1. I want to check the label-to-label distance for ARG33 and SER100. Put each point 7 Å from Cα in the C-beta direction and report it in nm to one decimal.
2. Could you compute the FRET efficiency for LYS108 and THR241, with r as their C-beta to C-beta distance and R0 at 30 Å, rounded to 0.05?
3. For n ≥ 4 DSSP H runs only, could you compute -39500 (n - 2.57) per run for the chain, divide by its residues and tell me the 222 nm figure to the nearest 500?
4. Which residue, SER120, PRO143, ILE88, has the largest displacement toward the positive end of the dipole of segment 88-157 when charges sit on each Cβ (Lys, Arg +1; Asp, Glu -1)?
5. Distance check, please: which entries in LYS29/LYS104; LYS97/LYS122; LYS97/LYS201; LYS104/LYS194; LYS51/LYS122; LYS108/LYS218 exceed 30 angstrom between their Cα atoms?
6. Taking amide H positions as placed 1.01 Å from N in the peptide plane, with prolines and chain starts having none, which residues 5 or more places from SER209, or on another chain, fall under 5 Å of its amide H?
7. So which chymotrypsin sites (Phe, Trp or Tyr not before Pro) in segment 110-218 end up in coil per DSSP with only 11 or fewer other C-beta atoms within 10 Å?
8. Whole-Hz Karplus ³J(HN,Hα) for segment 52-66, in order, using 6.51 cos²θ - 1.76 cosθ + 1.60 and θ = phi - 60°, x for Gly and Pro?
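Every read-out reported here was derived from the displayed coordinates using simple, explicitly stated rules and does not represent laboratory data. Keep in mind that what you see is a predicted model, and the values were worked out from it rather than measured. Note that each Cβ is placed from the backbone with ideal geometry, even for glycine, and that neighbours are counted across all protein chains shown.
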Amino acid sequence: CSKREGGARVTVFAQEMYSNMLRAIEDRKELKRAIAEEEFVLWYQPLVDMKDGSIYGSEALIRWQHPVRGLLGPYTFIRLAEETGHIIEIGNWVLRKACSDFHKFQEKSSRPLLLSLNVSSKQLELPGYFDLLTRTLQETGMPPDHLQLEITESILMSEPALMGPLLQRIRALGIKIAFDDFGTGYSSLSYIQKFPVDTLKIDQSFVRSVVDSSVNGKIIQFIMGMSEALGMSVSVEGVETEFEATTLLGFGCRIAQGFLYSRPVERETFFGLLKRKSLIPSEVIRIPAA
Ligand code: C2E
Ligand code: MG
Ligand code: MG
Ligand code: MG
């Protein structure tokens, strides 16, 4: 009897494996079609100066407008895109699209805006990336000093000896480099010096519990001190409450992204945000700093 049960279990596993495999093949086909049919859209989330609520720039965040499954967030497909190499084409599309959108943003703002893009290490590893980048900037008229590329620590998995000089060349164009999700990786602090980085984007996990964990507060203060010593700037992700904003301002943080100010929105909605003087929710009354 127990042998039969075991056999049945094996069959269930086999079936599950088989259907997972079919699903993976299907997902790949779908991704390929999505690229061909341009089913992707870019949403934008404002980068905000927490002091006055003014918009400092925006981060482009990809979504997949799936014909059947609806609007899909990047967590559902970026990993597969990286595994299958499709991230190259998707990343190229993001770069071109965001740089083309930028002019319309800048037109509507009285201050110089920053455009921040997520770049996969798979893209940077591609030998032609630098040329593609410069060509796209030229063709779209994107001013390089308004562009920021966000990279993650996974870049350390690729050749640091190649990545350092590449980032240096990119920076020489005036483009800024930011370390995304900073603080969540496994690497030691020494690598920061090895990489030419302008900005550290503190991961939202540190912000999330800054209210009830003094440890996270101390980590943020530590990052602030370190960035100052290294001449880097800092921005914070995932600010959801006024209390978090006030706490972070107290630590000397200025630039933030978070649902408190705005969720990522469609391009047209972002135009509307640019018209507003401040994204600080109006019911909030700030006690002026001494
Ligand atoms: P990320 O670059 O760290 O982007 C920030 C993520 O945090 C976004 O999720 C954003 O919607 C979310 N977020 C912002 N403020 C808050 C907040 O106050 N609370 C909470 N709970 N979340 C907040 P999203 O759009 O789902 O993107 C997820 C990740 O997908 C991004 O994380 C980035 O790593 C990746 N991604 C997005 N677009 C691209 C792209 O064009 N290329 C590549 N390679 N990766 C991308
Ligand atoms: Mg990012
Ligand atoms: Mg991030
Ligand atoms: Mg993140």
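1. Placing both labels 7 Å along Cα→Cβ, they lie 2.3 nm apart.
2. Between LYS108 and THR241 the formula returns 0.60.
3. After summing the helix terms and dividing by the residues of the chain, the value is -15000 deg cm²/dmol.
4. Comparing the listed Cα positions along the dipole, PRO143 ranks first.
5. Correct reply: LYS29/LYS104; LYS104/LYS194; LYS51/LYS122; LYS108/LYS218.
6. none
7. TYR186
8. Once θ is set to phi - 60°, the couplings for segment 52-66 become 10, x, 6, 8, 9, x, 8, 9, 7, 10, 6, 9, 10, 7, 7 Hz.
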